[in-house]
Amino acid sequence: MDCLFCKIIAGEVPSHKVYEDEHAYAFLDIYPTSRGHTVVLPKEHITSFLEMSEEKTAELFASVNRIAKKVIAVTEAPGVNIGINNGLVAGQTVPHVHVHIIPRYENDGGGSMHTIVDSNPDREELEQLASVIHSKF
Ligand code: 5GP
Ligand code: ZN
C-alpha cells in the first residue's frame with residue numbers, strides 16, 4: 001500500500017507521535033498551522049470518511065476527543081478547530097482519513113469554518129433541501 005499515513009503507522013516513515021491505541025494513531029502535523037496542530041487517523045486504511053461505518057467513526061471520534069483534551073491541556077490554547085478535509089475539492093491531500101485538531105490562540109489571524117467557503121448558495125432552497133435530506137433517513 002503506497003500510502004504515506006499507512007507508512008507512518010507502520011513506522012516506515014518517522015513522525016512525532018502523540019498517541020496510539022488499537023484503532024487510532026495521532027501525530028503532530030509536519031506543517032503545523034498552529035502550535036499543537038495534530039492529525040488523528042484510523043489505523044485501517046480508508047480514503048473517505050463517507051466510506052466509514054458509524055461504529056468506526058465513533059471509535060475515531062472517541063480518540064479525537066481524548067487527544068484534543070490533552071493537546072489543549074498542554075498548549076493551553078483557548079480554542080480549537082476540529083475537522084476533516086474530505087475529498088480533493090475540500091482540500092484533502094493525503095488519501096487516508098484523518099481528523100485535524102488545530103489549537104486556536106488569541107489574535108492568531110485565522111478564521112472559522114465560515115471562512116472555508118462562501119459560495120453564496122440559494123437560501124430560498126433551505127426548506128426543500130432540508131426536507132429532501134430528512135427524507136433519506
Ligand atoms: P489534508 O490536507 O489531507 O487534510 O492533511 C494532510 C496533512 O498531513 C497536512 O496538514 C500535511 O501538513 C500533513 N503531512 C503531510 N505529509 C506529512 C508527513 O510526512 N508527516 C506529517 N507528520 N504530516 C504530514
Ligand atoms: Zn493509508
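Here, each number is a calculation from the coordinates, and none is a lab measurement. Being a predicted model, the structure only gives us computed values, none of them experimental. When we count neighbours, we look across all protein chains shown, and the Cβ atoms used for this are built from the backbone with ideal geometry, even at glycine.
Quick notes
- Of all residues in the range 1-50 being hydroxyl-bearing (Ser, Thr, Tyr) and either surrounded by fewer than 17 Cβ atoms within 10 Å (Cβ to Cβ) or part of a strand (DSSP E or B) (or both), the one that is farthest from ligand 2 (Cβ to nearest atom): THR33
- Any chance SER63 is within 14 Å of ligand 1 (Cβ to nearest atom), surrounded by 11 or more Cβ atoms within 10 Å (Cβ to Cβ), among the small types (Gly, Ala, Ser) and touching a residue at least 12 places away in the same chain (Cβ under 8 Å): no
This table checks each residue for (1) part of a loop (DSSP other than H, G, I, E, B); (2) free of Cβ contacts under 8 Å to residues at least 40 places away in the same chain; (3) in contact with a strand residue (DSSP E or B) (Cβ under 8 Å, 6 or more places away or on another chain).
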{"position": "VAL94", "(1), (2), (3)": "yes, no, no"}
{"position": "VAL97", "(1), (2), (3)": "yes, no, yes"}
{"position": "ILE102", "(1), (2), (3)": "no, no, yes"}
{"position": "GLU106", "(1), (2), (3)": "yes, yes, no"}
{"position": "GLY109", "(1), (2), (3)": "yes, yes, no"}
{"position": "ASP118", "(1), (2), (3)": "yes, yes, no"}
{"position": "GLU125", "(1), (2), (3)": "no, yes, no"}
{"position": "LEU129", "(1), (2), (3)": "no, yes, no"}
{"position": "PHE137", "(1), (2), (3)": "yes, yes, no"}
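- Of the residues making up the range 83-92, those that are buried (at least 16 other Cβ atoms within 10 Å of the Cβ) and not in a loop (DSSP other than H, G, I, E, B) number 0.
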